[in-house]
Amino acid sequence: MTIAVKVPEELSARVPAEQRGPGLDRDDVRLLVSRGTEVTHHVFAELPRLLRAGDLLVVNTSPTLAAAVDGRIGHANVVVHFSTCGDDGRWAVELRDPDGRGSTRARGERGAAGTAEREVRLPGGARLVLEEPLSGRSERLWWARVSGAEVLRVLGEHGRPIRYSYTERDQPLSVYQTVFALPSPDGTGSAEMPSAARPFTARLVAELVSRGVQFAPVTLHTGVASAEAHEPPYPERFAVPAASARLINAVRAGGRRVIAVGTTAVRAVESATGPDGVVRAAGGWTDLVVTPERGVRVVDGLLTGLHEPEASHLLMLEAVAGRAAVDRAYEEALRGLYLWHEFGDVHLILPEEDPHTERCDGNSW
């Protein structure tokens, strides 16, 4: 699925909401709400009154890593994006060309085509050797082995968050952590922030809980996205705990709504769901790509950012809401000058309601 429009550059969110003016916080982004093809406009701080007591939010607890590290191949400067740690200790990495505005130009096949260009010198004396492409889809990501230092130590001492040219400047790692992020037992995490959850604040979570909204934590460590090619996601590590599986099943059995916070949460929970619609504790690697043909088995709604017209994530949105609803929402987002990308505005997709059902905000429910 693609949206037949181009997003103007001026609609890129260049800094986080809390840096756009005095007194602003993360939840001072706009919230577009879709119920079928009905669209309404809100601010994110209104989320508690847009949800119901008994609704369940599935949230991704993966922390964001400082996954971009400067290096050198021969006499050339490169930026290494560390994407995913494999079972054998190697890392999937992407090489990009620095340009002073974030690592925005994919180095791609030419960065690893010759054997002389497969060794990258990293800070602190570490060396990274590109061994083989991650898959047959492209040579954008490679499996690589690091010697001379532990990768997580290199990231901790020399890394910075991955950013792209639409942002204004580098930001501290804390800006890229969501309120739900928890340290992983092995120290790993996401190469790029699970950004749908970024607008949540501790204050807003407390208000949601006080109104009877529940939370189910899951984990999916996101890899490096393709800013140019919009490829489907590669296999990623996930975990759905037994307690979360039980809670999701209980909510569904009670006829209440399961709303995923982010496409990563959808991918995790749907990977743990059998054809019978029952969620079971699960973990490991998932290569699931949610499409309209596959559909969703558990998720009733989705809170997500605004995606580029070519992004594969739009297939997931279509699976949850249908093509007409997604088209309508993106028309409204463009008309309303909503902001895109990880610091931008967000989109809440809810099921269509029975017109005879009373709605709790006085206008809608």
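The values are calculated or read from the model by the stated rules, or taken from the named source; none is laboratory data. Keep in mind that this is a model prediction, so the values were computed, not measured. Positions of Cβ are generated from backbone atoms using ideal geometry, with glycine treated the same way; all protein chains shown enter the neighbour counts. We work out accessible area using only protein heavy atoms, side chains counted, and drop any ligands, DNA or RNA first. Shrake-Rupley method; radii C 1.70, N 1.55, O 1.52, S 1.80 Å.
Of the GluC sites (Glu not before Pro) in region 165-235, the ones in a loop by DSSP (not H, G, I, E or B) with at most 14 other beta carbons within 10 Å are Glu228.
Helices in the chain, meaning DSSP H runs of at least 4 residues, each add -39500 (n - 2.57). Divided by all residues, the mean residue ellipticity at 222 nm is -5000 deg cm²/dmol.
Scan the chain and report its longest stretch carrying no trypsin sites (Lys or Arg not before Pro) that are both in a DSSP loop and have at most 10 other Cβ atoms within 10 Å. Write out the running numbers ahead of the final one.
On the way: sites that count: Lys6, Arg169.
No qualifying site falls inside 170-365, the longest such stretch.
Rolling a 1.4 Å probe over the heavy atoms of the protein chains gives the chain an accessible area of 42 Å² per residue. GNM remark for the chain: springs join alpha carbons under 10 Å apart, and the peak mean-square fluctuation among Leu95, Leu56, Leu173 falls on Leu173.
Between Asp97 and Ala206, what is the FRET efficiency for a Förster distance of 35 Å, r being their Cβ-Cβ separation, to the nearest 0.05? That pair, Asp97 with Ala206, gives E of 0.20. The Val43 and Glu132 beta-carbon pair, evaluated with R₀ = 30 Å, returns a calculated FRET efficiency of approximately 0.05. Taking the DSSP bridge list for the chain and keeping only pairs wholly inside it, about 70 percent are antiparallel.
Given 4 °C and 1.567 mPa s, compute D for region 187-259 with the Stokes-Einstein relation, Rh being the Kirkwood radius over Cα pairs; round to the nearest whole µm²/s.
87 µm²/s
Restricting the calculation to Cα atoms, every distinct pair contributes to the Kirkwood radius of the chain, found to be 21.1 Å. Split the accessible area of the chain by element, probe 1.4 Å, and carbon with sulfur accounts for 51%. Leu122 exposes around 10 Å² of accessible area when a 1.4 Å probe is run over every protein chain in place. Applying both filters, DSSP loop and at most 13 other Cβ atoms within 10 Å, to the chymotrypsin sites (Phe, Trp or Tyr not before Pro) of region 252-350 eliminates every site.
For the chain, the longest principal axis of the Cα atoms and the long axis of helix 323-335 meet at an angle of about 80 degrees. Note on the chain: GNM, Cα springs under 10 Å; of Leu337, Leu314, Leu32, the largest mean-square fluctuation is that of Leu337.
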